[in-house]
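Chemist: If you scroll down you'll find the structure; I have some questions about it.
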Amino acid sequence: MTRELTVGAAQLGPVGRDEPRESVVDRMLALLGHAASQGCQLVVFPELALTSFFPRWYTEDQAEIDAWFETEMPGPATKPLFDLAKELGIGFSLGYAELTPDGHHYNSQILVERDGTMVATFRKMHIPGHEAYEPWRPFQHLERYYFEPSPDGFGVWRAFGGLVGMMICNDRRWPESYRVMGLQGVELILCGYNTPIHYPPDPSQDMLQGFHSALVMQSGAYQNGTWVVAAAKGGVEEGIEALAQSCIIAPSGQIVAQAFTTDDELITARCDLDWCDRYKSTIFDFDRYRRPEHYGRITDPRGVILP
Ligand code: CDT
């Protein structure tokens, strides 16, 4: 039996500050319909897909903050997405701001199977940006003000005939994200992102945003023998330009599909999950070649300890 899966990355263009969730969901329904016509079994939507990337703005008004968050999934605005996906027999992964019943605020991503069952909720691990308003910046990146880091870590779930993991945006820059999932046998990592092109702490990195994004995901895919599917929210959103370049990467590290617009766009690839084993059982045979007894420095301290 082959384990081939047609997967789509459903890139979104900008979402305005005042754009209602229902309007964004309509755009997502169109992408889902297109995905069905392309034979997709799984579609990945971006990080914080339902709203504008609100961490660029500062507010102390808790009601205003909570209005960016979903208290239930599906909720009234997202139910049509769940309904159409189930009708079409397509699974999906969706990033959104989650407010839990006990008051926790997370940057989250869910995985939903083709029959509509909820497989898992992943919460972002590496929260980038800053904790407090910084007036010198042309725009804020206040994820560390609005979101708590995941208390759960990186999981891998049996779904879609394989082993599926999730990571959110900044998680993709950290090799630990892929390796922790790699050590659970991951074959398909689903990732949504919002990456501003301008990086105020070091603008020399601006021109390298596309290069760095591909660099980390291609390395992570290859070094762990896994597919990576990455969906951007790109384009100029509320005056701030964000990286598009959604892509699908094979276990070889090769990009097999990439978006060429900065707007709503579906890219697809036929992902052979058995391709992962070619890397997992050869050059990256972890059991045979890893030296965990010498890797303690990776998990013991958080930062650098000079010799
Ligand atoms: N959304 C997100 O995680 N964006 C970050 C920007 C880093 S700069 C604060 C990213 O890694 O793309």
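The values are calculated or read from the model by the stated rules, or taken from the named source; none is laboratory data. Since this is a predicted model, take the numbers as computed values, not measurements. Cβ sites come from the backbone with ideal geometry, for glycine too, and all protein chains shown count toward neighbours. Note: accessible area is taken over every heavy atom of the protein model, side chains too, but ligands, DNA and RNA are not part of it. Shrake-Rupley method; radii C 1.70, N 1.55, O 1.52, S 1.80 Å.
Chemist: Could you work out how much longer the chain between Thr261 and Glu238 gets when fully extended? Use 0.36 nm per residue separation minus the Cα distance between them, nm to one decimal.
Modeler: Roughly 6.5 nm would be gained on extension.
Chemist: Could you tell me which of Tyr279, Leu266, Tyr289 has its Cα farthest along the dipole of the range 258-303 towards the positive end, charges placed at Cβ (Lys, Arg +1; Asp, Glu -1), taken about the Cα centre?
Modeler: Tyr289
Chemist: Skipping prolines and chain starts, which residues have an amide H placed within reach, meaning under 5 Å, of the one on Gly192, given they are 5 or more residues away or on another chain?
Modeler: When sequence neighbours closer than 5 places are left aside, the close amide H contacts are Glu47, Met167, Cys169, Ala231.
Chemist: Have a look at Leu48, Gly16, Ala35 and report the one farthest towards the positive end of the charge dipole of the range 1-52, computed about the Cα centre with Cβ charges (Lys/Arg +1, Asp/Glu -1).
Modeler: Ala35
Chemist: With point charges of +1 on the Cβ of Lys and Arg and -1 on the Cβ of Asp and Glu, referenced to the Cα centre of the chain, which listed residue (Pro151, Gln223, Val186) lies farthest in the positive direction of the dipole?
Modeler: Working it through, the farthest residue towards the positive pole turns out to be Gln223.
Chemist: Would you calculate the volume per residue, in Å³, of the smallest convex hull containing every Cα atom of the range 1-137?
Modeler: Normalising the Cα hull of the range 1-137 by residue number yields 137 Å³.
Chemist: Could you give the accessible area per residue of the chain, probe 1.4 Å, as a whole number in Å²?
Modeler: Roughly 45 Å² per residue, with all protein chains present.
Chemist: For the range 78-132, what is one quarter of the convex hull surface built on the Cα atoms, given in nm²?
Modeler: Result: a mean projected hull area of 4.8 nm².
Chemist: Another one. Viscosity 1.306 mPa s, temperature 10 °C: what is the translational diffusion coefficient of the range 1-72 from Stokes-Einstein with a Kirkwood Rh over Cα pairs, rounded to a whole number of µm²/s?
Modeler: Result for D is 112 µm²/s.
Chemist: If a paramagnetic tag sat 7 Å from the Cα of Glu64 along the Cα-Cβ line, which residues of the range 136-175 would have the backbone N under 15 Å from that point?
Modeler: Once the point is set 7 Å along Cα→Cβ of Glu64, 140, 142, 146 turn out to lie under 15 Å by backbone N, inside the range 136-175.
Chemist: Take Arg278 and Asp102, extend 7 Å from each Cα along the Cα→Cβ direction, and tell me the distance between the two endpoints in nm.
Modeler: The modelled label-to-label distance comes out at 4.6 nm.
Chemist: What distance in nm separates the two pseudo spin-label positions at Thr299 and Ser252, each 7 Å out from Cα along the beta-carbon direction?
Modeler: Each label point lies 7 Å from its Cα, and together they span 3.4 nm.
Chemist: Nothing charged except the Cβ atoms of Lys and Arg (+1) and of Asp and Glu (-1): what's the magnitude of the dipole of the range 58-121 about its Cα centre? Round to the nearest 20 debye.
Modeler: The calculated dipole for the range 58-121 is roughly 380 debye.
Chemist: Same structure, new question: Per DSSP H run of at least 4 residues, take -39500 (n - 2.57); add these up for the chain, divide by its residues and hand me the 222 nm value, nearest 500 deg cm²/dmol.
Modeler: -6500 deg cm²/dmol
Chemist: For the chain, which whole percent of the accessible surface, found with a 1.4 angstrom probe, sits on carbon and sulfur atoms?
Modeler: 53 percent
Chemist: So, in nm, how far is label Ala77 from label Ser204 when the simple model puts each one 7 Å beyond its Cα toward the Cβ?
Modeler: In this crude spin-label approximation the distance works out to 4.1 nm.
Chemist: Multiplying the sequence separation of Asp26 and Ala132 by 0.36 nm and subtracting their Cα-Cα distance, what value in nm do you get?
Modeler: 34.7 nm
Chemist: On to the next question. How are the alpha carbon pair distances in the chain distributed across 10 Å bins from zero to the largest one, expressed in percent?
Modeler: Result returned by the calculation: 6, 28, 36, 22, 7, 0.
Chemist: About the Cα centre of the chain, what is the dipole size in debye to 20, counting +1 per Lys and Arg Cβ and -1 per Asp and Glu Cβ, all else neutral?
Modeler: 1160 debye
Chemist: Explain nothing, just the number: dipole magnitude of the range 79-182 about its Cα centre with +1 on each Lys and Arg Cβ and -1 on each Asp and Glu Cβ, in debye rounded to the nearest 20.
Modeler: 300 debye
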